[in-house]
Amino acid sequence: MFLEKIFSKGKKENQVIGHITKQIKLLCTAFGFFKTALETDNPSLMQQVMDIERAADTIRRDIISRIYEGAFLPYLRPDLCKFVEVVDNIFDLLEDTAYRYLDLKLPEQLRSECIQVAFLNRRISEMLLITFESMIKGEDLREKILAIRIYEKKIDDIKFDLIRDARKIEITNFWDGEILSQFLSCLTSISDVIEDASDYLQVIHLSMK
Amino acid sequence: MWKIISGIFLGWSLGANDSANIFGTGVTTGIVKYRTAILLTAIFVLIGSTIEGSKCMRIVGDLSRLVPIEAFLCALAAAITMTILTYFAIPASTSQAIVGAVIGAGILSGSADFSKLIKIVACWILTPIGGIIFGYLLYHGLKFIFDKTIPSLTYRNTIYTVGILMAGCYGAYSLGANNVANVTGIYVGSGLLSCQMAALIGGLSIASGALTYGKKVMLTVGKGIAPLDPFTALVTVLAEALTLHLFTQIGVPVSSSQAVVGAVVGVGIVGGVRTLNPKMLVKIAVGWLMTPFAAGLMTMLFIYVMPA
């Protein structure tokens with residue numbers, strides 16, 4: 001077992017890293033689709049976001065099983081799995097947001113702010129990918145994690161504007177209002193989960209130092 | 001030749017107790033499987049005892065002039081003391097048990113050489129200090145080297161795995177080289193065995209102890225003292241192996257338990273004293289104090305009740 005580990009030059013580990021990279025790249029793609037779907041009010045593109053979520057779910061299962069088949073030190077495995085699960089939670093939240101969008105007619109006065117949040121979500125997911133790649137190379141993560149926090153703060157600021165603007169909209173039906181509220185809540189809380197994912201990267205980075 | 005049976009029993013007890021010091025951290029951090037750990041310990045203990053075991057043989061036998069039956073009783077008393085301490089999962093020192101037993105026999109016969117005892121006790125005191133120094137220096141030195149040369153997570157993962165394995169093998173080698181004298185050194189002193197034969201028999205008995213009864217103490221050493229990550233586990237085992245090997249060259253058998261606890265304390269100092277478990281350290285210290293006195297008294301009792 002040990003000789004296999006030495007001579008494989010970390011083959012299992014590299015496979016896991018490859019899959020996690022693929023998972024985060026899919027996340028970036030999903031955010032890109034989501035933003036374009038919002039800009040163009042395109043339901044079929046929103047549907048694509050859900051398809052990507054299913055593909056990402058398959059990758060997550062594959063990563064977890066590979067980790068527990070012996071990739072990486074047992075000491076590192078729980079944090080790696082936790083990171084993968086948190087990334088999967090981001091997909092779930094994005095899927096929920098896409099579902100809510102398909103269920104509502106987004107008021108035009110909120111669209112530009114929602115697009116702005118979607119754009120920032122895309123940027124923050126790209127930054128998560130950069131942070132992950134840096135962690136694998138053993139580079140310093142402080143600046144990347146700081147960038148993620150700054151993006152998250154920007155989204156928080158927009159969130160308050162969105163809530164203020166949403167309160168000006170007249171709601172005639174309870175469920176229309178409820179779904180709009182859920183949509184805005186999901187859209188603006190995605191960045192919090194991405195920030196959690198970046199925290200796990202920092203934990204993994206420090207535990208191998 | 002039946003008189004060496006107690007020495008074999010002592011070697012078995014030493015193997016069961018001290019194999020924990022070699023791969024305990026590796027096993028509890030999940031890097032090495034328990035079966036792999038005990039197998040490697042057994043192989044490298046035997047290699048160490050046959051290659052360098054003779055270096056520490058004389059000093060144990062020279063502590064007192066023993067006749068073969070007294071050597072038998074000393075080893076028996078030391079083995080019983082060690083087995084009791086192992087049962088209670090206290091990482092105890094075979095060096096202290098056998099020296100306590102030999103001095104006990106020497107006091108009764110009036111042949112105890114206290115000048116040699118001073119050298120041994122000085123080495124006992126220096127052992128944990130050596131462990132602390134090696135642990136502290138290796139932590140800083142290896143951290144600097146790894147940070148500069150192996151930043152990649154994948155490579156570091158492999159280095160930790162291979163490093164702990166190799167350090168464990170070196171630790172087992174050092175254990176065999178240093179501690180085999182505790183097991184069969186008294187038989188060399190009493191003229192029952194040659195140095196080479198004593199090293200071989202001692203090595204085999206330690207290996208058998210590691211293979212059959214080491215799990216409980218292994219988990220105590222690995223988990224109970226300080227929370228260890230893969231890097232500190234590597235440093236701890238390497239520091240312990242270096243300490244034991246250093247005292248082998250001086251020619252004094254010392255305690256691998258004291259060396260490993262010293263190494264863990266050295267690493268603990270780097271991370272702040274709060275990472276140490278004082279309760280566990282007190283338990284170990286009590287074991288260390290009890291061991292030579294218990295073994296000495298038991299030897300005196302055995303010799304007293306033994307028909308002339």
So, in nm, how far is label A:Y68 from label B:I269 when the simple model puts each one 7 Å beyond its Cα toward the Cβ?
4.3 nm
Just to check I understand the Karplus step: with θ = phi - 60° and J = 6.51 cos²θ - 1.76 cosθ + 1.60, what whole-Hz values come out for the stretch B:38-47, glycine and proline as x?
6, 5, 5, 4, 4, 5, 6, 4, 5, 4
Chain A - mean residue ellipticity at 222 nm from DSSP helices (-39,500 (n - 2.57) per run, n ≥ 4, rounded to 500)
-30000 deg cm²/dmol
Inverse of mean 1/r across different Cα pairs in chain A, Kirkwood, Å:
18.1 Å
What is the calculated FRET efficiency for B:I69 to B:K33, with r their C-beta to C-beta distance and R₀ = 51 Å, to the nearest 0.05?
0.75
Which whole-Hz couplings ³J(HN,Hα) result when phi for each residue of the stretch B:175-184 is put into the Karplus expression 6.51 cos²θ - 1.76 cosθ + 1.60, θ = phi - 60°, listed in order with x for Gly and Pro?
4, x, 5, 8, 8, 5, 5, 5, 7, 10
Report, in whole Å, the centroid distance computed from the Cα atoms of the stretch A:182-203 and the stretch B:279-295.
52 Å
Say each of A:E143 and B:K119 gets a label point 7 Å from the Cα, pointing the same way as Cα to Cβ; how far apart are those two points in nm?
6.0 nm
How big is the Kirkwood radius of the stretch A:60-107, worked out from every pair of different alpha carbons and given in Å to one decimal?
12.5 Å
Whole-Å distance linking the alpha carbon centroid of the stretch B:112-183 with that of the stretch A:162-177 is 68 Å
Rounded to 10°, Cα long-axis angle of helix A:11-40 versus longest principal axis of chain A
10 degrees
Note: A:E85 to A:S181 extended length (0.36 nm per residue) minus current alpha-carbon separation gives 32.0 nm
What angle, in degrees between 0 and 90 and rounded to the nearest 10, separates the Cα long axis of helix A:108-137 from the longest principal axis of the Cα atoms of chain A?
10 degrees
Treating only the Cβ atoms of Lys and Arg (+1) and Asp and Glu (-1) as charged, compute the dipole magnitude of the stretch A:2-207 about its Cα centre; round to the nearest 20 debye.
700 debye
Of B:F114, B:V282, B:T161, which is farthest towards the positive pole of chain B's charge dipole, taken about the Cα centre with +1 and -1 on the beta-carbons of Lys, Arg and Asp, Glu respectively?
B:T161
GNM of chain B, Cα pairs under 10 angstrom: of B:L242, B:L138, B:L108, the biggest fluctuation goes to B:L108
Whole-Å distance, taken between Cα centres, linking the stretch A:93-152 and the stretch A:8-64:
14 Å
Hey, what does the equivalent ellipsoid look like for the protein assembly as shown, semi-axes from the Cα gyration tensor as sqrt of 5 times each eigenvalue, largest first, whole Å?
65, 19, 18
Any idea what the relative contact order of chain A is, in percent, if you count C-alpha pairs under 8 Å spaced at least 6 apart?
29 percent
So for the stretch B:99-212, using the alpha carbon gyration tensor with a ≥ b ≥ c as root eigenvalues (a/c under 1.5 gives rounded; past that, a/b versus b/c decides prolate or oblate), I'd call it oblate
HN-Hα couplings for the stretch A:45-55 via Karplus (6.51, -1.76, 1.60; θ = phi - 60°), in whole Hz with x for Gly/Pro, come out as 5, 4, 4, 4, 4, 5, 5, 5, 4, 5, 4
Sites A:I169 and A:F119 - FRET efficiency at Förster radius 22 Å, r taken between beta-carbons, to 0.05:
0.50
With a Förster distance of 30 angstrom and the Cβ-Cβ distance between B:Q196 and B:L108, calculated FRET efficiency to the nearest 0.05 equals 0.50
Helix-only estimate, please: 222 nm mean residue ellipticity of chain B, summing -39500 (n - 2.57) across DSSP H runs of length 4 or more and dividing by its residues, to the nearest 500.
-28000 deg cm²/dmol
Quick one: length gained pulling B:H140 to B:K279 fully straight, 0.36 nm per residue minus the C-alpha distance?
47.4 nm
Give the long-range amide H neighbours of B:D113: residues separated by 5 or more places, or on another chain, with amide H under 5 Å away, using H modelled in the peptide plane at 1.01 Å from N.
B:S64
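Values quoted throughout were computed directly from the atomic coordinates according to the rules given, and no laboratory measurement underlies them. Since this is a predicted model, take the numbers as computed values, not measurements. When we count neighbours, we look across all protein chains shown, and the Cβ atoms used for this are built from the backbone with ideal geometry, even at glycine.
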